[in-house]
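Visitor: Pasting in a structure now, in structure tokens, and then I'll have a few things to ask.
The values are calculated or read from the model by the stated rules, or taken from the named source; none is laboratory data. Since we're looking at a predicted model, the values are computed, not measured. With ideal geometry, Cβ positions are generated from the backbone for all residues, glycine too; neighbour counts draw on all protein chains shown. The area values use the complete protein model at the heavy-atom level, side chains included, leaving out ligands, DNA and RNA. Shrake-Rupley method; radii C 1.70, N 1.55, O 1.52, S 1.80 Å.
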Amino acid sequence: EYSFRDKYLFEGIFRYDGSSKFAEGYKWSPFMGFSGGWIISGEPFWGGLENAVDFLKLRASWGQLGNQSGIGLYDYLYQINVGGGYPMGSWDAPTQSQIATLGTLPSNTRTWEKIESKNLGLDFSAFRSRLSGSVDVYIKDNKNMFFNQEFPEVLGATPPNINGAFLRTKGWELELGWKDQVNDFSYFVNLNLANSTSNVRKLADATIAS
């Protein structure tokens with residue numbers, strides 16, 4: 001994290017995560033992120049506007065986040081499910097037999113979902129900080145989302161979960177607040193609005209029009 005003259009802000013993050021849910025060679029993945037901010041109200045040219053808008057900050061960020069939820073432990077390996085049943089014998093003295101079935105087909109090349117986020121925001125306060133708020137617009141891309149690979153029905157087993165989908169989410173958020181005091185009575189009001197849309201842009205090898 002770095003701040004220059006309390007007006008120019010920068011922060012970077014790097015991490016390297018591993019998980020036993022993935023096969024050897026796919027367990028580890030790097031993730032990183034960067035963000036920057038510019039306090040516009042701290043510039044000399046803002047002097048004539050500070051009585052109306054006392055704080056204004058522009059910020060932008062880009063980052064990656066890994067996800068491994070929604071898949072089983074060690075299911076990159078072939079697994080046999082063993083169960084019991086009573087298909088033989090009389091109704092009052094059944095004979096239990098062991099049944100073995102093939103589990104979900106493994107995917108030994110599956111790895112982390114890598115969710116990439118881009119955000120542009122504006123923070124402000126005005127009228128001696130009685131009015132405050134923030135506006136954000138963002139895009140989130142999951143270009144290797146987990147997806148059940150399709151096979152013919154004659155396969156006879158559950159298809160594996162692979163990195164086979166591309167999901168994009170676009171949205172915006174608005175937050176406004178007003179706080180004031182009348183004699184000994186103080187109050188505040190907050191308003192939050194948000195909207196987002198998601199669409200799948202790719203499934204396995206099929207591209208879907210935006």
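Visitor: Looking at the stretch 161-189, which of the residues that are within 27 Å of the chain's Cα centre (by Cα) and of a type in the set (A, V, I, L, M) is nearest to ARG201 (Cα to Cα)?
Guide: The selected residue is LEU167.
Visitor: In the stretch 24-47, how many residues are part of a loop (DSSP other than H, G, I, E, B), more than 18 Å from SER69 (Cβ to Cβ) and in contact (Cβ under 8 Å) with a residue 24 or more places away in the chain?
Guide: 1
Visitor: Please work out if ARG59 is over 30 Å from PRO160 (Cα atoms), assigned to a strand (DSSP E or B) and basic (Lys, Arg).
Guide: When the stated conditions are applied, ARG59 passes them.
Visitor: Now, a different point. Hey, can you tell me all the residues within the stretch 1-23 that are in a strand (DSSP E or B) and either closer than 30 Å to ILE162 by Cβ or of a type outside the set (A, V, I, L, M, F, W, C) (or both)?
Guide: TYR2, SER3, TYR8, GLU11, GLY12, ILE13, PHE14, ARG15, TYR16, ASP17, GLY18
Visitor: Go through (1) at pLDDT 95 or above; (2) of a type in the set (Lys, Arg); (3) open to solvent by less than 50 Å² (accessible area, probe 1.4 Å) for ARG110 and report which single condition fails.
Guide: Every condition holds for ARG110 apart from (1).
Visitor: Name the single residue that is farthest from the chain's Cα centre (by Cα) among those in the stretch 1-51 being open to solvent by 50 Å² or more (accessible area, probe 1.4 Å) and aliphatic (A, V, I, L, M).
Guide: Per the stated criteria, the residue is LEU49.
Visitor: Same structure again: Based on what the data block shows, is ILE139 surrounded by fewer than 17 Cβ atoms within 10 Å (Cβ to Cβ) and over 14 Å from GLU175 (Cα atoms)?
Guide: When the stated conditions are applied, ILE139 passes them.
Visitor: Related question: Looking at this structure, is LEU120 among the hydrophobic types (A, V, I, L, M, F, W, C), in contact (Cβ under 8 Å) with a residue 60 or more places away in the chain, surrounded by 12 or more Cβ atoms within 10 Å (Cβ to Cβ) and in a strand (DSSP E or B)?
Guide: yes
Visitor: Let me ask another. Take the stretch 68-85 and flag every residue that is loosely packed, with under 14 Cβ neighbours inside 10 Å and in contact with a Phe, Trp or Tyr (Cβ under 8 Å, 6 or more places away or on another chain).
Guide: Passing the criteria: only GLY70.
Visitor: From (1) open to solvent by 80 Å² or more (accessible area, probe 1.4 Å); (2) part of a strand (DSSP E or B); (3) of a type in the set (Val, Ile, Thr), pick out the condition that doesn't hold for VAL154.
Guide: Failed condition: (2).
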